[in-house]
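Each remark here refers to the structure printed beneath this line.
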Amino acid sequence: MKIKVKYVDKSLPLLTTLKKGDWIDLYVRESVMLNSPQAGIQYQRDNQKFRDVKFDSCLLSLNVCMKIPKGYEAVVVPRSSTFKNYKILQTNHFGVIDNSFCGNTDEWKMPVLATEKTVIPAGTRICQFRIQLSQYATIWQKIKWLFWNGKIDFIVVDSLEESSRGSSLTNNTTNVNTK
């Protein structure tokens, strides 16, 4: 399978398939600092007082825009060491990126929530993905999938030549301090 990839920052590690394992690592493009939860935030609603906990969250930029073939999608999940090392949780538990998210500014991102104060340096392996059939795969794609050897060739391009779905490379995060 050939997949076109546009890197936002070519100085960071490039995607590689591993001989061990079925998943491909993704790297954080920008260093991010997330604050620890703030407990005891008071607010009032309907004449009742509440205490709440505020968690810091953001969208981690993953440095890639890709053109996945029709009939396929990518599933993005945290690496097994992500919580242990950075105390963050992926807020949607796993992400699905379909083949229509394929424009020059459709950078893959991972929504996270911090459970403790943490710093994630640029270039950190933070999550991983794999390619799978989508619900719109044709019968021919399903048959080819049965005999596919699992090899993915990433073709590095400067432009994906597709319409963006609305993502912006500059509108990166909310509630995040970068340094």
Failed condition for Gly123, given (1) modelled with pLDDT of 95 or more; (2) outside any loop (DSSP other than H, G, I, E, B); (3) not polar (S, T, N, Q): (2)
Are any of the residues in the range 87-97 at pLDDT 90 or above, out of contact with any Cys (no Cβ under 7 Å at 6 or more places or on another chain) and assigned to a loop (DSSP other than H, G, I, E, B)? yes
The range 11-46, subset in contact (Cβ under 8 Å) with a residue 40 or more places away in the chain and not in a loop (DSSP other than H, G, I, E, B), residue surrounded by the most Cβ atoms within 10 Å (Cβ to Cβ): Val32
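Residues being within 30 Å of Phe55 (Cβ to Cβ) and outside any strand (DSSP E or B): count how many of those fall in the range 100-120.
Residues in the range 100-120 being within 30 Å of Phe55 (Cβ to Cβ) and outside any strand (DSSP E or B): 8 in total.
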Return the only residue of Val96, Val75 being without any contact (Cβ under 8 Å) to a residue 24 or more places away in the chain and closer than 30 Å to Thr138 by Cβ. Val96
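Can you give me the number of residues within the range 122-144 that are surrounded by 12 or more Cβ atoms within 10 Å (Cβ to Cβ), within 26 Å of Gln90 (Cβ to Cβ) and not basic (Lys, Arg)?
Count: 13.
The values are calculated or read from the model by the stated rules, or taken from the named source; none is laboratory data. As the structure is a prediction and not an experimental result, all values here were calculated from the model. Every residue, glycine as well, gets a Cβ built from its backbone with ideal geometry; the counts of neighbours run over all protein chains shown.
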